[in-house]
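Since every read-out is calculated from the coordinates, none of them should be taken as a lab result. Model, not experiment: these values are computed from the prediction. With ideal geometry, Cβ positions are generated from the backbone for all residues, glycine too; neighbour counts draw on all protein chains shown.
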Amino acid sequence: MSKQGLSIIELREKLAQEAARLVNEHGVQDYGLAKRKAARRFGIREAGALPSNAEIEDCVREWHRIFEPDEHEKYLAELRRLAIEVMTLLPDFETRLAGSVLTGAITANSFIELHLFSDAPENVAMKLEECGITYRNCQRRYRYDSRCTSLIPGFRFTYRGERIDALVFPEKGLRQAPMSPIDQRPIRRAHAGKILKLISSQAE
């Protein structure tokens, strides 16, 4: 038992809920930072009490189900429809949706994460320019296993008021997704047809 009289399991749940509150109410995007802030607030130092990122993400979704279910579902559907709209502008790159808009663990500060596949990222840039989209370069580091990481180039832009991060993986990257920082499993990706099914299931 901890000094607060709670078991490690109870502490993990308490910290996960507080971390989720920080994510949703204060816009903390880094789950690791959120859990450390939660631990400091409650004066908890037990390493085993820190929740996993997956536990925090579950609490983020639960927070929305409790406090703002209608607003959350409406905003999530809007972001997913917008993702499909952008994907239709980029038909040549096997574009997939990833990240919080796919999993549903969105906050007011969430953005749309798209994965594109091309051995020539400049072709994506040319297509964006053809569509009249102003972008800036960005990049993100992805981990494939405990030893292998890759720096993936991308393009960040605003579309209909929402931030889009379009990361360009090599063409062979469609067959091997990097590890998710949430649960260390391959990142979930979805094509437009799957996203439409998710939107339909929300409406039921």
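A few notes on this one:
- Reachable aspartates and glutamates, given that their alpha-carbon falls under 13 Å from the alpha-carbon of LYS127 and they are not under 8 places away in the same chain: ASP92
- DSSP-defined antiparallel bridges as percent of all bridges, the chain, nearest 5: 75 percent
- Assigned charges on the beta-carbon of Lys, Arg, Asp, Glu; region 1-80 dipole about Cα centre (debye): 520 debye
- Mean separation of Cα contacts under 8 Å (6+ apart) over length of region 69-203, as relative contact order %: 27 percent
- Between 0 and 90°, nearest 10: helix 69-89 axis offset from the chain longest Cα axis: 30 degrees
- Gained length - LYS37 relative to ARG81, 0.36 nm times residue gap less alpha-carbon distance: 12.4 nm
- In plain terms, the residue of ARG141, ARG80, ARG163 with the fewest other Cβ atoms within 10 Å comes first and the most crowded comes last, giving ARG141, ARG163, ARG80.
- Normalised by 2.2 N^0.38 Å, where N is the number of residues, the alpha-carbon radius of gyration of the chain equals 1.12.
- Measuring r between the beta carbons of HIS191 and HIS26 and using R0 = 30 Å, the FRET efficiency lands at 0.35.
- Nearest 10 degrees, 0 to 90: helix 121-130 Cα axis against the chain principal axis: 70 degrees
- In sequence order, region 30-39 has phi-based couplings of 8, 4, x, 5, 4, 5, 5, 4, 5, 5 Hz under the Karplus curve 6.51 cos²θ - 1.76 cosθ + 1.60, θ = phi - 60°, and Gly or Pro positions carry x.
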